[in-house]
Amino acid sequence: MPPGSSEPSAPLRPEQERALAYLRENGTELPVALIRERVAAAFATLERIAGDVGEAAARAHPLPGEWSVQEVLDHLVETHRASIGELRGLLDGRRPMGPPIPAALQSPDPSARALADLLRDLGAAHAEVLALLDAAPANHATAARAPVVMVINTREPDGRERPLQWLEELDWKAYAIVFRLHVLDHLAQIRKTLSAARGVC
């Protein structure tokens, strides 16, 4: 079943249409082996780049109002852990019981954990996601959907960008490819932060 909103309250913006088309074409309609490959590649890139960041650089805040690398990694660990349970439920044909995972989920104290511990936890979460995708039958289908908080940047008529947030009901394959999108989005954030720390931007 393709992704779609149950009761959209307003016409979809072009950016939303493109996002939903991506989820359909690169999630719902894509073989699980290709989804797994693309998610794994994003995970590997994140782990490689984050693994090269030192403790001090990870905790630095070169961009006012933006998360540090440490805070980004904490967010990814917390979000991916919660998402694993939802993906497992979708594969078993169950809708998640609780509310949607918050878009800005973090642990109570993102600075409390050592960077090495965060990287270990991130790698473990990634391995669990990939194991679920490895075990999913090629033609597996269920009617279950999970509500996901979608966040994309939209451009206003005056040229300013602003985030647009809405709830979207996703099938398990669309849900799985969101892992890739989420990682790539925060990889860009990490790269921007590291560049600012080096005085590049």
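Restricting attention to segment 89-106, report how many residues are touching a helix residue (DSSP H, G or I) at 6+ places or on another chain (Cβ under 6 Å) and assigned to a helix (DSSP H, G or I).
Number satisfying all stated conditions: 2.
Give all pairs with beta carbons closer than 9 Å in which a residue from segment 94-121 that is more than 22 Å from ASP171 (Cα to Cα) meets a residue that is open to solvent by 60 Å² or more (accessible area, probe 1.4 Å) and of a type in the set (D, E, K, R); count only pairs at least 6 apart in sequence or on separate chains.
Taking only residues 6 or more apart or on different chains, the pairs are SER111/ARG59; ALA114/GLU55; LEU115/GLU55; LEU115/ARG59; ALA116/GLU55; LEU119/GLU47; ASP121/ARG81.
Examine segment 31-38 for a residue that is in a loop (DSSP other than H, G, I, E, B) and out of contact with any strand residue (DSSP E or B) (no Cβ under 8 Å at 6 or more places or on another chain), and state whether such a residue exists.
The answer is yes; a qualifying residue exists.
Of all the residues that make up segment 45-84, how many are part of a helix (DSSP H, G or I) and surrounded by 13 or more Cβ atoms within 10 Å (Cβ to Cβ)? Spell out how you get there, then give the answer.
Of the residues in segment 45-84, the ones part of a helix (DSSP H, G or I) are 45-51, 55-59, 69-84.
Checking the rest, the ones that are also surrounded by 13 or more Cβ atoms within 10 Å (Cβ to Cβ) come to 45-47, 49-50, 57-59, 69-84.
Qualifying residue count for the region: 24.
If we scan segment 111-128, do we find a residue that is in a loop (DSSP other than H, G, I, E, B) and open to solvent by 70 Å² or more (accessible area, probe 1.4 Å)?
yes
Quick check on my filter: what residues within segment 129-140 are open to solvent by less than 60 Å² (accessible area, probe 1.4 Å) and not in a helix (DSSP H, G or I)?
Listed by number, the residues that qualify are ALA136, HIS140.
Do you know which residues across segment 156-201 are in contact (Cβ under 8 Å) with a residue 12 or more places away in the chain and open to solvent by 90 Å² or more (accessible area, probe 1.4 Å)?
Within segment 156-201, GLN165, LEU167, ARG191, LYS192 qualify.
The values are calculated or read from the model by the stated rules, or taken from the named source; none is laboratory data. Here the structure is a predicted model, which is why all the values come from computation and not from measurement. Counting neighbours? That spans all protein chains shown, and the Cβs are built from the backbone with ideal geometry, glycine included. The area values use the complete protein model at the heavy-atom level, side chains included, leaving out ligands, DNA and RNA. Shrake-Rupley method; radii C 1.70, N 1.55, O 1.52, S 1.80 Å.
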